1. Is it fair to say residue 45 is buried (at least 18 other Cβ atoms within 10 Å of the Cβ), over 30 Å from residue 129 (Cβ atoms) and modelled with pLDDT of 95 or more?
2. Restricting the search to region 11-31, which residues are of a type outside the set (Lys, Arg), more than 30 Å from residue 111 (Cα to Cα) and not in a strand (DSSP E or B)?
3. Can you pull out the residues in region 29-42 that are surrounded by fewer than 16 Cβ atoms within 10 Å (Cβ to Cβ) and in contact with a helix residue (DSSP H, G or I) (Cβ under 9 Å, 6 or more places away or on another chain)?
4. Considering only region 32-42, I want to know if a residue exists there that is at pLDDT below 95 and part of a loop (DSSP other than H, G, I, E, B).
5. Which count do you get for residues in region 59-74 that are within 13 Å of residue 18 (Cα to Cα) and either in contact with a strand residue (DSSP E or B) (Cβ under 9 Å, 6 or more places away or on another chain) or buried (at least 16 other Cβ atoms within 10 Å of the Cβ) (or both)?
6. Looking at region 6-19, which of its residues are of a type outside the set (Gly, Ala, Ser) and surrounded by 15 or more Cβ atoms within 10 Å (Cβ to Cβ)?
7. Just a yes or no: is a residue in region 48-56 crowded, with 16+ Cβ neighbours inside 10 Å and outside any strand (DSSP E or B)?
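The values are calculated or read from the model by the stated rules, or taken from the named source; none is laboratory data. Model, not experiment: these values are computed from the prediction. Here the Cβ positions follow ideal geometry from the backbone for every residue, glycine too, while neighbour counts run over all protein chains shown.
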Amino acid sequence: MRAAHRLPAGSWDKGRERGTATLDWDERHRRRRSLTSDQGEAFLLDLAEAARLGEGDGLALEDGSVIRVVAKPEPVLVIEAGTAGLPRLAYHLGNRHLAIQIFPDRLVIRDDSVIADMVEGLGGIVTRRDLPFDPENGAYGGHSSHSHDHHHAHGHHDHGHG
């Protein structure tokens with residue numbers, strides 16, 4: 001069985017649902033890969049281009065039925081402002097190119113001990129939880145799952161003009 005189309009949540013008839021596929025954040029941003037539904041049925045995700053699969057989206061199968069996407073709970077940090085102020089914490093997290101889920105009263109990122117220590121050092125309150133993670137698309141709509149421990153240089157080099 002092959003799924004070649006993503007159907008946005010709420011845009012498809014629930015009567016066509018054949019099963020569900022519970023996927024974490026990385027698994028929900030793919031173009032092509034073999035998957036197994038929660039009911040044990042193997043199928044090929046074969047989209048024209050990589051797509052971000054959200055909670056409740058449908059994967060249209062060749063026979064007209066649909067596999068509903070379920071966001072799998074995964075280890076995350078729930079960050080509240082404390083004495084730091086949420087915009088300040090969001091700035092520091094965004095400056096590290098982290099995927100962030102934004103709510104009016106909290107931020108959610110993937111669990112990372114180094115980042116948790118940094119947030120607490122800035123006055124934020126950190127709680128570890130297992131929750132579905134659905135971060136913002138970002139300014140360019142891309143998917144980035146690298147952590148703070150990336151290896152490209154951020155230093156400056158001398159532009160000697162003399």
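1. Details: buried (at least 18 other Cβ atoms within 10 Å of the Cβ): yes; over 30 Å from residue 129 (Cβ atoms): no; modelled with pLDDT of 95 or more: yes.
In short, no.
2. Taking region 11-31 first, the residues of a type outside the set (Lys, Arg) are 11-13, 15, 17, 19-27, 29.
If we keep only those that are more than 30 Å from residue 111 (Cα to Cα) as well, we get 11-13, 15, 17.
Selection gives 11, 12, 13, 15.
3. Hit for region 29-42 is 33, nothing else.
4. No: region 32-42 contains no residue that is at pLDDT below 95 and part of a loop (DSSP other than H, G, I, E, B).
5. Residues of region 59-74 that are within 13 Å of residue 18 (Cα to Cα), as a first pass: 59-69.
Keeping just the survivors that are either in contact with a strand residue (DSSP E or B) (Cβ under 9 Å, 6 or more places away or on another chain) or buried (at least 16 other Cβ atoms within 10 Å of the Cβ) (or both) gives 59-63, 65-69.
Total satisfying the criteria: 10.
6. Here is the first cut: in region 6-19, the ones of a type outside the set (Gly, Ala, Ser) are 6-8, 12-14, 16-18.
If the condition is that a residue be of a type outside the set (Gly, Ala, Ser) and surrounded by 15 or more Cβ atoms within 10 Å (Cβ to Cβ), then 6, 7, 12, 16, 18 are the ones that fit.
7. Looking for residues that are crowded, with 16+ Cβ neighbours inside 10 Å and outside any strand (DSSP E or B), one finds at least one in region 48-56, hence yes.
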